[in-house]
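**Student:** One structure is given below, represented as structure tokens, and several questions about it will come after.
Bear in mind these aren't lab numbers, they're just calculated from the coordinates by the rules spelled out. Please read all numbers here as calculations on a predicted model, not as lab measurements. Heads up, the Cβs are rebuilt from the backbone with ideal geometry, glycines too, and the neighbour counts pull from every protein chain shown.
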Amino acid sequence: KVIASPAEHKLITTNPDELNVIKKNEKPQKKVSVKVDPHKRYFRKSKLSKDEIKFLLGEDYQIKKYKSLLTNKMETFLLKPRHNESLMHLFFTHNISEFLEANGIETKLYTTKKPDIVFEIGEKKYAIEIETGTVLSKVSRMKEKLKVLNQYDEWFFVITNKNKVKKYKEFGDAIDKRYVKLRLNKLLKLAKKPKK
């Protein structure tokens with residue numbers, strides 16, 4: 001004996017004219033358009049649609065407010081750090097890169113042994129390393145990091161914890177995150193100087 005499911009039973013026992021009325025009353029499904037790369041890991045919330053925000057939150061993105069170098073205002077970002085990365089490290093790496101790119105400086109971002117941000121101005125190669133303070137507890141990692149950084153013409157640390165700036169200055173040029181825009185603007189002036 002074959003037993004129809006409730007949906008099949010309704011279909012079999014309903015008058016065809018009634019079916020048309022039921023279908024007309026069903027709400028059409030909303031078309032959703034999501035045009036974001038879930039691997040990007042850094043988005044400005046103001047540039048996203050509600051559907052894109054919902055999609056990214058479903059992809060384990062986190063919402064966080066930071067002061068953007070581009071606008072000098074507090075903005076809301078959707079961020080997805082790597083397993084060994086803090087939200088602040090991810091934000092500063094991408095925000096500094098975004099600021100330099102908006103000012104005509106091409107940047108490269110790295111996640112392995114190379115510095116976080118690398119770029120060129122004129123003939124010089126620059127490197128920026130974003131530090132939250134965790135590497136201070138591992139002397140061998142700091143030595144490795146310095147060996148790599150010293151391969152660049154100029155480099156500096158951007159320290160996200162103002163209480164650790166002094167400690168990083170023992171290893172090289174280090175600035176508090178609050179002053180990073182001043183430093184970047186000085187570098188941009190070098191880029192705009194006419195070549196001799």
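**Student:** What does the charge dipole of the chain about its Cα centre add up to, to the nearest 20 debye, if the Cβ of each Lys and Arg holds +1 and the Cβ of each Asp and Glu holds -1? Each step should come with its number before you reach the end.
**Tutor:** Numbers: 46 positive and 25 negative charges, 166 e Å.
In debye, rounded to 20, the chain gives about 800.
**Student:** Also: Summing +1 for each Lys or Arg and -1 for each Asp or Glu, what net charge is found among the other residues whose Cβ lies under 10 Å from the Cβ of residue 67? Working shown, then result.
**Tutor:** Numbers: positive: 65, 73, 177, 178, 181; negative: 75.
Cβ neighbours under 10 Å give a net charge of +4.
**Student:** Moving on to the next point. How large is the helix-only mean residue ellipticity at 222 nm for the chain, computed as the sum of -39500 (n - 2.57) over DSSP H runs with n ≥ 4, divided by its residue count, in deg cm²/dmol to the nearest 500? Don't jump to the answer; show the numbers that get you there.
**Tutor:** On the way: 7 runs with 72 residues, N = 196.
For the chain, the value works out to -11000 deg cm²/dmol.
**Student:** Students often get this wrong, so check it: of 64/125; 114/167; 143/166, which have C-alpha atoms separated by over 25 Å?
**Tutor:** Values: 64/125 32 Å; 114/167 22 Å; 143/166 17 Å.
Beyond 25 Å between Cα atoms: 64/125.
**Student:** Compare 84, 95, 15 in a GNM of the chain, Cα atoms joined below 10 Å, and give the one with the largest fluctuation.
**Tutor:** Sorting by GNM fluctuation, first place goes to 15.
**Student:** What size of dipole, in debye to the nearest 20, comes out for the range 91-188 about its Cα centre when the only charges are +1 on Lys and Arg C-beta atoms and -1 on Asp and Glu C-beta atoms?
**Tutor:** Values: 20 positive and 14 negative charges, 115 e Å.
Roughly 560 debye, rounded to the nearest 20.
**Student:** Could you tell me which residue out of 69, 81, 58 lies farthest along the dipole of the range 58-99 toward its positive end? Charges go on the beta carbon: Lys and Arg +1, Asp and Glu -1, centred on the Cα centre.
**Tutor:** My answer, from the dipole projection, is 69.
**Student:** Further question on the same structure: Here are labelled values, [x] 0.96; [y] 1.36; [z] 1.27, and one is the computed Rg/Rh (Cα atoms, Kirkwood Rh) for what I pasted. Which one?
**Tutor:** From the options [x] 0.96; [y] 1.36; [z] 1.27, the structure gives [z].
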